[in-house]
1. Restricting to lysine pairs 8 or more places apart or on different chains, what number in the range 32-203 have Cα atoms under 15 Å apart?
2. Counting each pair of different Cα atoms once, what's the Kirkwood radius of the chain in Å, rounded to one decimal?
3. Do you know the relative contact order of the chain, to the nearest whole percent, from alpha carbon pairs under 8 angstrom that are 6+ apart?
4. Report, for the chain, the % of DSSP beta bridges that are antiparallel, rounded to 5.
5. When the Debye formula is applied to the Cα atoms of the range 95-212, each taken as the same point scatterer, what base-10 log of I(q)/I(0) results at q = 0.16, 0.22 Å⁻¹?
6. In whole angstrom, note down how far apart the Cα centers of the range 135-175 and the range 52-117 are.
7. If you take the alpha carbon radius of gyration of the range 167-212 and divide it by 2.2 N^0.38 Å, what ratio comes out, to two decimals?
8. Please report M131, M43 as a ranked list, fewest other C-beta atoms within 10 angstrom at the top and most at the bottom.
Amino acid sequence: MNRQKFIMALTLGLVPIVVSAKRALKILDPGPVGGGCDGRELMYEGMPGKLSNTSYLPGWAAGGKKLIVEGTVYRKDGRTVAPNIIVYIYHTDSKGYYSPFANQVQGKRHGYLRGWVKTGCDGKYRFYTTMPAPYPQRSNPAHIHPVIKEPGINEYYIDEYQFDNDPLLTRELRDKAEDRGGTGIIKLRKTTSGILVCKRDIILGYNIPNYR
Ligand SMILES: [Fe+2]
């Protein structure tokens, strides 16, 4: 057997072994739920020790366009309500900035408009906040970032809340939406007192990589 044939035989023999080993490792450890790192662990910075199913973000009392963000969290079957689920949100201010408080130390990158809830036995949650503005000088639609923490698995992000009537929410962007946790594109309604309401139900694990 000459050298070239020897290397080829060696390669043909080894490649399947290496590929199988990689596959086996992936089955044993598919990686974190929700995929790679994206700074979602910042949700823990400044998180209150005790949470309820309702949260008032600092903007609510400070003026601005009031917005209620609410819904029900369901298990992956889409029908069973899910208690003890932490939902964390953060969003821009009325000028489109993630502006931190002057003395804010924790979670500065997310700004000061942050809030946490933990669902009760009916799976419901509600945030009292204000409408976020789109980033200045950019074409991204206005949005609210949510992160989910379920007992026993790592936190993962779901699709941002976006608003159906936002002119920046193009057909292309709508088509590109991943629908993580179900669609995040919401039709706002207005209460009789003029408060905007954004109702979104969340399905745990829906379109979430490595969810098990
Ligand atoms: Fe953002």
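1. 13
2. On the way: mean 1/r = 0.0520 Å⁻¹.
One over the average 1/r among Cα pairs gives 19.2 Å for the chain.
3. Working: 432 pairs, mean separation 52.6, N = 212.
Averaging sequence separation for qualifying contacts and normalising by length gives 25 percent for the chain.
4. In the chain, DSSP labels about 70 percent of beta bridges as antiparallel.
5. The computed values of log10 I(q)/I(0) come out as -0.93, -1.51.
6. That distance is 13 Å.
7. 1.47
8. Values: M131 19, M43 24.
Fewest-to-most ranking of M131, M43: M131, M43.
Readers should treat all values here as calculations from the given coordinates under stated rules, not as data from a laboratory. Worth saying up front: this structure is predicted, and the values here are computed from it rather than measured. As a convention, Cβ positions derive from the backbone with ideal geometry for all residues, glycine included, and neighbour counts pool all protein chains shown.
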